[in-house]
Amino acid sequence: MLLVGGCMVGPDFERPDAPILDNWGKGANLPVDSRTGFTSRSAHSVPWWHVFGDETLNSLIAEAYRQNVGLQAAGVRVYQARAQLGIARGELFPQVQEIKGGAKSIRFSAKDPFIRDLERVGLVNDHITRVDAGFDAGWEIDVWGKIRRDVQSADANLKASLASYDDALVTLTGDIAATYVTVRELQQLIAAARRNAGLQKTSLDLTKLRLDNGVATRLDVNEATVLYNNTLASIPGYEAELAQAYNALSVLVSEAPGGMKTRLGGRARFPGVPAEVAVGVPADMLRRRPDIRYAEYLAAAQSAQIGVAKADLFPAFSISGAIGVRADDFANLFDNGTTAGFINPGFSWNFLNYGRIRNNVRVQDAKFQEALLSYENTVLSAYSEVENALTGFLRAKQQAVYLRRSLRAAHAAVSEVDAQYEDGTASYNRVVDAQKSLLVAEERLIAAQASVLTSLIAVYKGLGGGWMPDNVKGLISEKTRQQMAERTRWGELLAKPVEEAG
């Protein structure tokens, strides 16, 4: 029976076939080459956010990795999965292990006539003492691989929890970078609105002066007043959005709101965009995207559950037994002749529940098939996510080129129409139109520049790029680790490196 312990019923998991995409850019209808700013060579194994050359952004991400609460929770789930794997592995050894011991003292009634008759002939004392100690054990032999399949499932779930942690890293990094870009965008929009409001205030003052001199109309003053106050009215809305973005960043780095404004300062500049972006090939993404690995490991865990269910179709073999010592006094407990024990091989077979067990196998198989389809859908969604980000990045860059030209022309138009208005060769509505166009051109360019950055962030996020900064060690912070160690004896489990999770 022990020799056939190598048999395992159920399927052996193999990595599912994934839909194949040869090269990036097909969804964007643009080739990925140097002309578009992309290259198909693999990206360097460095934190992708460093390509922006923004130390403030780098420090925010490093701080979030150290203390983000959601990331800490994902790390704790890995330790939970490690402990679950330990439970599953423990089932490979005797499942029942019990050390027993006891003492019993019995005193008979002296008035019992039957006892008195036995005592008279010296057969029974009125007091009996019994002392015993022993060890019981029971072991279900893993003939059909049920327990080993369960270990496989637990191991795959552990790997899935690690992939989930990596996915949390990628999401956290992308969210911080995107929110940081939003902060810089809003700061620039506020600055642009104030600049334009200053320009419009100058025009309003000039129009009032011209009205006093009889060379302008009340209508000109009213138009200037409307434009100026409309521009001022946009600023509180931007400031409210900026405050919300500051608070969102505070949540991402897990600190109380209020300090982010001072930390980021008023430098309303976007991070730099690299001249060339290495995106690799789609096969690189399949290896790096943590949500794809997560879906694969979930499928592997479910595949093993088919074997667990199938093992119930066959008889279960077990060995139980006990060994111990027994005597009438503790002093004689370990003398010769006090040893007692038994061994009891056995088996059980739920053959009358064959239909229920078979249907449970079908349930597990259907869940496995669902996991395979979910894996395929995850891959397809990942392809689409990257292609959408590539499209957004390339089109936003093109849009920014046109908008820069538009902004230069808008500045020139404002200067020209102001001069014409002062000369009396242009009506004031031309001034209003030019200043409106200038404000719109600035706002659209700022939005396009932000879209370039957020789309590039989405590209990196879609490719699965998430690397841990050098100053971050392990899955949880030292504070979290200390709290868990003080509460429960974790042994070496908390100190085990990430790569040794299995």
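Quick notes
- Set of the range 406-448 residues, backbone N closer than 12 Å to the point 7 Å along the Cα-Cβ line of Thr202: 414-416, 418-419
- A crude spin-label estimate for the pair Trp349 and Arg218, with each label 7 Å from Cα along the Cβ direction, gives 10.7 nm.
- Among the listed pairs Lys159/Lys461; Lys367/Lys461; Lys159/Lys367; Lys26/Lys367; Lys310/Lys367; Lys26/Lys461, those with a Cα-Cα distance over 23 Å are Lys367/Lys461; Lys26/Lys367.
- Once the Cβ-Cβ distance of Ile141 and Asn247 is raised to the sixth power relative to R0 = 45 Å, the FRET efficiency obtained is 0.15.
- Computed extension gain for Lys436 through Ser415, at 0.36 nm per residue and net of the alpha carbon distance, reaches 6.2 nm.
- Among Leu313, Leu209, the ranking by other beta carbons within 10 Å of each residue's beta carbon, starting with the fewest, stands as Leu209, Leu313.
- Per-bin percent of Cα-Cα distances, the range 52-91 [5 Å]: 6, 20, 16, 13, 12, 10, 8, 6, 4, 3, 1
- Whole-number D in µm²/s for the range 194-329 (Stokes-Einstein; Kirkwood sum over Cα pairs; 25 °C, 0.890 mPa s): 101 µm²/s
A short reminder: the numbers here are calculations on the coordinates, not readings from a lab. Nothing here was measured: the structure is a model prediction, and the numbers come from that model. Positions of Cβ are backbone-derived with ideal geometry, glycine not excepted, and every protein chain shown enters the neighbour counts.
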